Each structure stands twice: as structure tokens, then as C-alpha cells.
Amino acid sequence: MPGIDEKAVHSDSAQLLNFFDRLSEAPASALLLDYDGTLAPFQTDRDRAYPYPKVIPLLESILRGGKTRVVIISGRRAAEVKALLSPLDSLEVWGAHGLERMLPDGSYRQVSIDPETADLLSKARGWVNEAGLTSQAEIKPGGIAIHWRGRAAAERERVEARTREGWAALGINPELKLLPFDGGLELRVTHPDKGDAVSTIIEESNVHSQIAYLGDDLTDEDSFRVLNGRGLTVLVRPEYRDTLARVWLCPPHELIGFLEQWLSRVSA
Ligand SMILES: [Mg+2]
């Protein structure tokens, strides 16, 4: 298994080519995708973070081929992801970092949170309102995210320091964790995380199924850790950073190339 000091290789690697060769032969496959920063560029207004051009038609064709289970695993609420990808109706979506699961037939389940942790989260929400941060807050199952994309650096730092201090004062238990992400900070339940979602998907998959996970953020490292040794892990990001992923793709061009390659391999 690779260490964090082992660099992911770029898109034309033998590793990627070998994966696509196995994909051509495989009876089934699973394409696991983060949403923000991976399929969609970041936007200051997060309600307008639509996918890169070609993403929807490509995923639609991959789904129509019937050989690939396409799964979105996002920190957003599942319903938000569904709406942003609305032309796609046979998607499986895991929301709130794996706490929610929405199947292609629309069925939905949510992992329940123990009462003590739910109470702490409710206090943390109260603090956010008292601190005047409501307009920057995203309240979701099992978590609260404070967003500061598009704000000046000094203000970002001020809000981050204040939020960390305010939440720390509530006495966070081990069931909760602080999660820095690209554009903000989230207080959320320690489990499930995205890696737990990937674990479940692996368990549900045929041993010969080829699985890949594409993600950009620190929360995706849990997924990379779980999938390494079983499937292909891909960091999608304009700039390289340390990662457990084995391959690095620069969006949107190389991401689109990857999806086109996937489609051609499962269509042949
Ligand atoms: Mg992301």
C-alpha cells in the first residue's frame, strides 16, 4: 500500500492503462465520484456549482451502458447533489460524507446519531447563530459546515479562528471531529466517513468488479485509503498535493478524457 510520501503518477501512467484494460474485460464496474472540485468547479455561490461541460452526457452514457454502477459520494446533502446532477436519474448518491444514502430507485436511508452527539451538534448550531455566521453555515445531517470561499484572507482567518474557538468551548466528544475542507471548516460525526461508504460499496461488489474513486479534497483521503489495493484511486485537482491516491488528473480536460475512456471501455 502506498505511503503519503509516494507521489501519485500523472494521467498517462501504465497504472491507468492497466486499469482500463481490466475494465474492458470486467463483467461489472463501479465508478465512485466526489462532486465539488471533482465533477464541478468550485463557485462562491455553492448552489451554482454545476458540473463541467460533458460530465452529464458522459455519465448518462456510462449509466445507459448498464455495466457500471455510478455512485456520487459527497459532503453535501444527497438531495442537493441529485438536484445539481438532475438530468441523471439512475444515480446512487451518498450524502453528508456517507451518512445519507439515496439509491437509484429513490429509496433513502440515514444513519442515526446518538443523542449525546446530536445534542452537541445542536449546541454548535446555536453557537453559529449567536456568532452571526448563519449565512455562511450549511446545516446537514451529522454536521455543520462554515463556508468562506470568495472571502478575503484576513476574514477567512478570523472566521476560522473564531469558529474553532467557539466549537472547542462546547467540549467536543470523540464522536465528533473538525474537518478542514477546501473553502471552509466542518464539525461533523467521526463516522460514517467517505471511506465507510466506499467499504460498503466494495462489500456489495462482485470480486471481479473494477472500482475507481475520483476525488479532490482531504475527506477523499479516507476513500483512497480504503480502496488502495482493491481499485484505482485518483486525485482530481489543478495543483498536485500529497495524497494516498495513485493517479493524479488535472480537471477538466483530463477528467473528461478519463470519463471518455471509461465509456469506450465499457461500451466495446
Ligand atoms: Mg470535493
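Table for the structure above
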| quantity | calculated |
| --- | --- |
| Hey, Pro251 within 16 Å of the ligand (Cβ to nearest atom), surrounded by fewer than 23 Cβ atoms within 10 Å (Cβ to Cβ) and at pLDDT 95 or above or not | yes |
| Pick from segment 109-125, criterion in contact (Cβ under 8 Å) with a residue 60 or more places away in the chain and open to solvent by 20 Å² or more (accessible area, probe 1.4 Å), ranking: farthest from His191 (Cα to Cα) | Asp114 |
| Filtered residues of segment 44-76 (kept if more than 14 Å from the ligand (Cβ to nearest atom) and assigned to a loop (DSSP other than H, G, I, E, B)) | Thr44, Asp45, Tyr50, Pro53, Lys54, Gly66, Lys67 |
| Unmet requirement for Glu221, which otherwise passes all of (1) outside the structural domain of Gly132 (by TED's automatic domain parsing); (2) of a type outside the set (Ser, Thr, Tyr); (3) farther than 19 Å from Asp36 by Cβ | (3) |
| Selection count, segment 126-142, where residues are open to solvent by 50 Å² or more (accessible area, probe 1.4 Å) and either of a type outside the set (A, V, I, L, M, F, W, C) or in a loop (DSSP other than H, G, I, E, B) (or both) | 5 |
| Matching residues, segment 225-240, being surrounded by fewer than 24 Cβ atoms within 10 Å (Cβ to Cβ) and within 11 Å of the ligand (Cβ to nearest atom) | Arg237 |
| Residue that is open to solvent by 10 Å² or more (accessible area, probe 1.4 Å) and under 29 Å from Glu25 (Cα atoms), where the choices are Asp45, Asp89 | Asp89 |
| Segment 184-200 - residue that is touching a strand residue (DSSP E or B) at 6+ places or on another chain (Cβ under 6 Å) and under 26 Å from Ile256 (Cβ atoms) and, of those, farthest from the ligand (Cβ to nearest atom) | Ala197 |
| Residues of segment 149-183 satisfying the condition of being open to solvent by less than 40 Å² (accessible area, probe 1.4 Å), more than 26 Å from Ser112 (Cβ to Cβ) and either acidic (Asp, Glu) or within 16 Å of the ligand (Cβ to nearest atom) (or both) | Gly183 |
| Restricting segment 206-224 to residues that are touching a residue at least 60 places away in the same chain (Cβ under 8 Å) and more than 16 Å from the ligand (Cβ to nearest atom), the residue that is nearest to Pro41 (Cα to Cα) | Ile211 |
| Meets criteria (without any contact (Cβ under 8 Å) to a residue 60 or more places away in the chain, closer than 26 Å to Arg69 by Cβ and within 23 Å of the chain's Cα centre (by Cα)) for Asp196 | no |
| Every pair of residues 6+ apart whose Cβ atoms lie under 6 Å, when the first sits in segment 93-106 and is under 20 Å from Leu63 (Cα atoms) and open to solvent by less than 30 Å² (accessible area, probe 1.4 Å) while the second is part of a helix (DSSP H, G or I) and among the charged types (D, E, K, R) | Val93/Lys82 |
| Residue satisfying condition, being more than 19 Å from the chain's Cα centre (by Cα), crowded, with 18+ Cβ neighbours inside 10 Å, in the same structural domain as Ser223 (by TED's automatic domain parsing) and under 25 Å from Glu221 (Cβ atoms), within set Leu59, Leu39, Leu23, Leu31 | Leu23 |
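Here's the yes/no breakdown for (1) acidic (Asp, Glu); (2) under 23 Å from Pro53 (Cα atoms):
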residue: Asp196; (1), (2): yes, no
residue: Asn206; (1), (2): no, no
residue: Asp217; (1), (2): yes, yes
residue: Arg225; (1), (2): no, no
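The values are calculated or read from the model by the stated rules, or taken from the named source; none is laboratory data. Keep in mind that what you see is a predicted model, and the values were worked out from it rather than measured. FYI the Cβ positions are ideal-geometry reconstructions off the backbone, even for glycines, and counts take in every protein chain you see. Surface accessibility is based on the protein's heavy atoms, side chains included, excluding ligands, DNA and RNA. Shrake-Rupley method; radii C 1.70, N 1.55, O 1.52, S 1.80 Å.
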